[in-house]
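A.B. asks: This is the structure I have questions about; it appears just below.
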Amino acid sequence: MRVSYQQLKAEFKRVLLARNVAEPIAEDCATMFADTTQAGVYSHGVNRFPRFIQQLENGDIVPDAEPTKVLSVGAIEQWDAHQAIGNLTAKKMMDRAMEIADQFGIGVVALKNANHWMRGGGYGYQAAEKGYIGICWTNSIAVMPPWGAKECRIGTNPLIIAVPSNPITMVDMSCSMYSYGMLEVNRLAGKQTFVDAGFDDEGNLTKDPATIEKNRRLLPMGYWKGSGLSIVLDMIATLLSNGLSVAEVTEEKDDEYCVSQIFIAIEVDRLIDGKTRDEKLNRIMDYVKTAERADPNVEVRLPGHEFVALKADNVANGIPVDDSVWQKLLSL
Ligand SMILES: NC(=O)C1=CN([C@@H]2O[C@H](COP(=O)(O)OP(=O)(O)OC[C@H]3O[C@@H](n4cnc5c(N)ncnc54)[C@H](O)[C@@H]3O)[C@@H](O)[C@H]2O)C=CC1
Ligand SMILES: O=C(O)C(=O)C(=O)[C@H](O)[C@@H](O)CO
């Protein structure tokens, strides 16, 4: 089914107000969930909302908490989220990183005690839309076995790198080959994954999302490379924020909260003039896109460029929502 942006946002807001979230916070939070869904990231928009509500009801998320600055060292600031709503806090932190970048050329915000930020790409996009390079990542609870193991000890720790090209080029990727959110999208659509996504109980590679959602033997992106990347991202987020690591969140908390996150904004415009910037970016994009296709019917595309058409379609025709997800939302 397809629903309008207004319908979707109204449902999110209704559910938040019913949990005593203050009106302005409910409005902003519902807007971000609706925006993420309309942008085409269903996995971390409407699909993830019931889980978000569960965490709100459990008290893992503190809706009226305000993030505070802990300290600042040149272009780096440490903040404490105090378990405020993840997506609203992340947006504020990337705004702050851009303000610091205006002063120093680069701004780094390291955040502790944060909650799940949903679509990490939203914050990269936010920076790139204003002309900055946006880089951010988060750690998580242990949900993936490190390369060579079958027990979860590392996070999916998505890394986002957004570049202010036209359209915006942005990598927004979990350190696993598939995020749990994308496994769910495939399962709900009755599909197997396009490439291997994890291991079955016998240790064979599998494309079956339900098997991996159950046994949690997620395949790291790029095998040992994604495993290693996840580990160093966790180390850096933990050190810079003086917050909790994947190991600490997993062993000391009863669910995924109090994670650590990094937000970096880099000002491009003082380093290169606008005309040269655009020429260079266009040349890179054209060079990539005009590579001889492996399949003549499938175009070569740059990461993030898919969102232009996805959003336009959703604005024009309504937002696709899985029937079971919609029923769940209505029942909240
Ligand atoms: N703890 C957390 O906060 C987590 C959040 N997430 C979020 O879940 C969302 C989905 O993450 P993933 O499943 O890893 O994303 P994905 O696998 O759908 O996409 C990863 C990247 O690959 C690019 N891409 C995909 N197909 C492509 C193609 N054919 N050609 C060129 N580029 C292509 C996409 O633009 C994107 O940049 C993200 O917004 C992420 O931030 C994911 C994991 C954990
Ligand atoms: O993988 C995801 O999707 C995701 O968003 C996550 O945060 C973690 O991997 C985990 O919370 C899934 O249970």
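The values are calculated or read from the model by the stated rules, or taken from the named source; none is laboratory data. Small disclaimer: the values here were computed from a predicted structure and weren't measured. When we count neighbours, we look across all protein chains shown, and the Cβ atoms used for this are built from the backbone with ideal geometry, even at glycine. Just so you know, the surface numbers come from the protein's heavy atoms only, side chains and all, with ligands and any DNA or RNA stripped out. Shrake-Rupley method; radii C 1.70, N 1.55, O 1.52, S 1.80 Å.
A.B. asks: In debye, nearest 20: dipole of the stretch 193-316 around its Cα centre with unit charges on the Cβ of K, R (+) and D, E (-)?
C.D. replies: Using only the charged Cβ atoms, the result is roughly 600 debye.
A.B. asks: Using a 1.4 Å probe, what is the accessible area per residue for the chain, in Å²?
C.D. replies: That works out to 48 Å² per residue.
A.B. asks: What's the longest uninterrupted piece of the chain once you rule out the chymotrypsin sites (Phe, Trp or Tyr not before Pro) that are loop residues per DSSP with at most 16 other Cβ within 10 Å?
C.D. replies: Longest gap between qualifying sites, sites excluded: 1-193.
A.B. asks: Evaluated at 10 °C with a viscosity of 1.306 mPa s, what Stokes-Einstein diffusion coefficient in µm²/s does the stretch 130-255 have when Rh comes from the Kirkwood expression over alpha-carbon pairs?
C.D. replies: Estimated via Stokes-Einstein, D reaches 104 µm²/s.
A.B. asks: Out of residues 5 or more away from residue 62 or on other chains, whose amide H comes under 5 Å of its own, with H placed 1.01 Å from N in the peptide plane?
C.D. replies: 84, 85
A.B. asks: So what's Rg/Rh here for the stretch 247-289, counting alpha carbon atoms and using the Kirkwood radius for Rh?
C.D. replies: 1.40
A.B. asks: Using a ≥ b ≥ c from the Cα gyration tensor of the stretch 266-316 (square roots of the eigenvalues), is it rounded, prolate or oblate, where a/c under 1.5 gives rounded and otherwise the larger of a/b and b/c decides, a/b for prolate?
C.D. replies: oblate
A.B. asks: Taking a 1.4 Å probe, which of 92, 9 shows the most accessible area, and what order do the others take after it?
C.D. replies: 92, 9
A.B. asks: Say the dipole of the chain comes from +1 at the beta carbon of Lys and Arg and -1 at that of Asp and Glu; which of 165, 321, 245 then lies farthest toward its positive end?
C.D. replies: In the chain, that residue is 165.
A.B. asks: Rounded to the nearest 10 Å², what accessible area does residue 188 have for a 1.4 Å probe in the complete protein model?
C.D. replies: My reading of the accessible area for residue 188 is about 60 Å².
A.B. asks: Something else now. List the aspartates and glutamates whose Cα lies under 15 Å from the Cα of residue 112, skipping any in the same chain that are fewer than 8 positions away.
C.D. replies: 60, 66, 77, 80, 234, 248, 252, 256
A.B. asks: Amide H of residue 216 versus every other amide H placed in the peptide plane: which residues, excluding those fewer than 5 positions away on the same chain, fall under 5 Å?
C.D. replies: Result for residue 216 returns nothing.
A.B. asks: Summing -39500 (n - 2.57) over the DSSP H runs of n ≥ 4 in the chain and dividing by its residue number, what mean residue ellipticity at 222 nm do you reach, to the nearest 500 deg cm²/dmol?
C.D. replies: -13500 deg cm²/dmol
A.B. asks: Considering the dipole of the stretch 1-135 built from charges on the beta carbon (Lys and Arg +1, Asp and Glu -1) around the Cα centre, which of 55, 108, 71 is farthest to its positive end?
C.D. replies: With unit charges placed on the Cβ atoms, the residue in question is 55.
A.B. asks: Mind checking the alpha-carbon convex hull of the stretch 71-146 and giving the volume per residue in Å³?
C.D. replies: 104
A.B. asks: Turning to a different aspect of this structure: For residue 276 and residue 2 in one chain, what is 0.36 nm times their gap in residues minus the Cα-Cα distance, to one decimal in nm?
C.D. replies: Here the answer is 94.4 nm.
A.B. asks: Another question about this same structure. Would you compute, for the Cα atoms of the stretch 4-142, the largest minus smallest coordinate along each principal axis and list the three values in descending order, in whole Å?
C.D. replies: Principal extents (largest minus smallest coordinate, Cα): 42, 32, 29 Å.
A.B. asks: Assigning unit charges at the beta carbon (Lys, Arg +1; Asp, Glu -1) and nothing else, what dipole magnitude in debye, to the nearest 20, does the chain show about its Cα centre?
C.D. replies: In debye, rounded to 20, the chain gives about 420.
A.B. asks: Roll a 1.4 angstrom probe over the protein heavy atoms and tell me the percent of accessible area of the stretch 9-56 that is carbon or sulfur.
C.D. replies: Here carbon and sulfur together make up 51 percent of the probe-accessible area.
A.B. asks: In Å and from the alpha-carbon atoms only, list the Rg and Dmax of the chain.
C.D. replies: So, for the chain, Rg and Dmax equal 19.7, 56 Å respectively.
A.B. asks: Any chance you could run the full-extension gain for residue 58 through residue 322? It's 0.36 nm times the residue separation minus the Cα-Cα distance, nm to one decimal.
C.D. replies: Working it through step by step, the gained length comes to 92.5 nm.
A.B. asks: Residue by residue, what Karplus-based ³J(HN,Hα) values in Hz, rounded to whole numbers, does the stretch 263-275 have, using 6.51, -1.76 and 1.60 with θ = phi - 60° and x for Gly and Pro?
C.D. replies: Using θ = phi - 60°, the values come out as 10, 10, 10, 10, 7, 8, 5, 8, 9, 8, 6, x, 5 Hz.
A.B. asks: Oh, and also: What are the ³J(HN,Hα) values, in whole Hz, obtained from phi via the Karplus relation 6.51 cos²θ - 1.76 cosθ + 1.60 with θ = phi - 60°, for each residue of the stretch 60-77 in sequence order, with x given for Gly and Pro?
C.D. replies: Taking θ as phi minus 60°, the curve returns 5, 9, 10, x, 9, 5, 10, x, 10, 6, 9, 7, 9, 10, x, 8, 10, 10 Hz for the stretch 60-77.
A.B. asks: Among 332, 308, 6, whose Cα sits farthest toward the positive end of the charge dipole of the chain (+1 at Cβ of Lys/Arg, -1 at Cβ of Asp/Glu, about the Cα centre)?
C.D. replies: 308
A.B. asks: Which value, in debye to the nearest 20, gives the size of the charge dipole of the stretch 1-111 about its Cα centre, when Lys and Arg are +1 and Asp and Glu are -1 at the Cβ?
C.D. replies: Using Cβ point charges on Lys, Arg, Asp and Glu, the stretch 1-111 gives about 440 debye.
A.B. asks: Here is the link list: 9/275; 130/191; 225/280; 13/69. Which ones come out longer than 32 Å on Cα distance?
C.D. replies: As for pairs spanning more than 32 Å Cα to Cα, those are 9/275; 130/191.
A.B. asks: Additional query: Give me, ordered by chain and number, the residues 5 or more places off residue 198 or on other chains with an amide H under 5 Å from its own placed amide H.
C.D. replies: Sorted by chain and number, the residues that satisfy this are 206, 219.
A.B. asks: Counting only protein chains, not ligands or nucleic acids, how are 2, 153 ordered by accessible area (probe 1.4 Å), most first?
C.D. replies: Most to least solvent-accessible, the answer reads 153, 2.
A.B. asks: Find how many whole Å separate the alpha carbon centroid of the stretch 158-204 from the alpha carbon centroid of the stretch 85-122.
C.D. replies: The stretch 85-122 and the stretch 158-204 have Cα centres spaced 23 Å from each other.
A.B. asks: On to the next question. List, in order, the whole-Hz ³J(HN,Hα) value for each residue of the stretch 102-110 obtained from phi through the Karplus relation with A = 6.51, B = -1.76, C = 1.60 and θ = phi - 60°; use x for Gly and Pro.
C.D. replies: 4, 8, 10, x, 9, x, 10, 10, 10
A.B. asks: Across 5 Å bins from the origin, how do the percents of Cα pairs in the stretch 189-332 run, short distances first?
C.D. replies: 2, 7, 7, 9, 13, 16, 19, 14, 8, 4, 1, 0
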